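First the structure, in the form of structure tokens, and then the observations on it.
Quick note: the coordinates plus some simple rules give every number you see, no bench work behind them. Bear in mind that the values here come from a model prediction, so they are computed numbers and not experimental data. Neighbour counts run over all protein chains shown; Cβ positions are idealised from the backbone, glycine included.
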Amino acid sequence: MKEIYSDYFLKILREEIDIDINDNYTEIAREIALEGKIDKIVEMLRKYLKNLSNRDYQRFDEKYVKLIFFCIAMNLKIFRLKSEMEVQRKYPDILLIPKDQSKGYKGVMIEFKYLKKEEAGKLQEKQEEAEKQIKEYGEFEEIKDIKNIHKYTVVAVNDEIYVDEIK
């Protein structure tokens, strides 16, 4: 069901933005799996956000940024995708876990935050909040069991995206 919804959602977005994301999936998967980086998938997310209208941003919040990212990531077939996976009553936003960990592929955990344009002055505060959360999640055994996991915070201020890798 998730895959059907993801495909439908991406089809609508693809028609609005007029890009073919299928061409980018191999590059995105390779970058994440081999380097643990999310630059290419964040760039795709940025394209989607920049093409939304002002009306789309009414009552917009973190869950919509995460949903767009989730729909893109659903097409990266070498990963198991977990959204809000419960870990000791805490909920990391997104986990990309390699299906075959024996190949040494990297995993990714992301904590998302969102600010409206007029709240941009709170960027550092949101980044610190996200960093605190992701560091806490990283201490759980369920997360430590994921080999080679890279941790990121992604804060969107309207259609601008700020990414920090957390060591």
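Mind checking which aspartates and glutamates have their Cα closer than 13 Å to the Cα of LYS144? Skip sequence neighbours fewer than 8 apart in that chain.
Leaving aside aspartates and glutamates fewer than 8 places away in the same chain, those within reach of LYS144 are GLU136.
Residue-wise, which Karplus ³J(HN,Hα) couplings in Hz belong to segment 77-82, taking 6.51 cos²θ - 1.76 cosθ + 1.60, θ = phi - 60°, and x for glycine or proline?
Values, residue by residue: 5, 7, 10, 8, 9, 10 Hz.
Using a cut-off of 12 Å between alpha-carbon atoms, which aspartates and glutamates can reach LYS50, once sequence neighbours fewer than 8 places away in the same chain are excluded?
Hits, sequence-local ones excluded: GLU16, ASP159, GLU160.
Going by amide H atoms built from the backbone, whose H comes under 5 Å of the H on HIS150, apart from near neighbours?
For HIS150, the qualifying residues are GLY107, VAL108, MET109.
Once each part is reduced to its C-alpha centroid, what is the distance from segment 27-70 to segment 133-161 in angstrom?
Centre-to-centre distance over Cα atoms comes out at 15 Å.
Which cross-chain or sequence-distant (5 or more) residues have an amide H under 5 Å from the amide H of TYR114, H modelled 1.01 Å from N in plane?
For TYR114, whose amide H was placed from the backbone, the distant partners under 5 Å are GLU62, ALA156.
For the chain, what does the alpha-carbon gyration tensor say about shape, rounded, prolate or oblate, given a ≥ b ≥ c as the root eigenvalues, a/c under 1.5 as rounded, and a/b over b/c as prolate?
It comes out oblate by the Cα gyration axes.
For the cross-link pairs LYS99/LYS126; LYS66/LYS167; LYS77/LYS167; LYS66/LYS90; LYS82/LYS122; LYS66/LYS103, which exceed 20 Å when the distance is taken from alpha carbon to alpha carbon?
Pairs exceeding 20 Å: LYS99/LYS126; LYS66/LYS167; LYS77/LYS167; LYS82/LYS122; LYS66/LYS103.
Take the Cβ-Cβ distance between LYS47 and LYS99 as r, set R0 to 22 Å, and report the resulting FRET efficiency rounded to the nearest 0.05.
0.25
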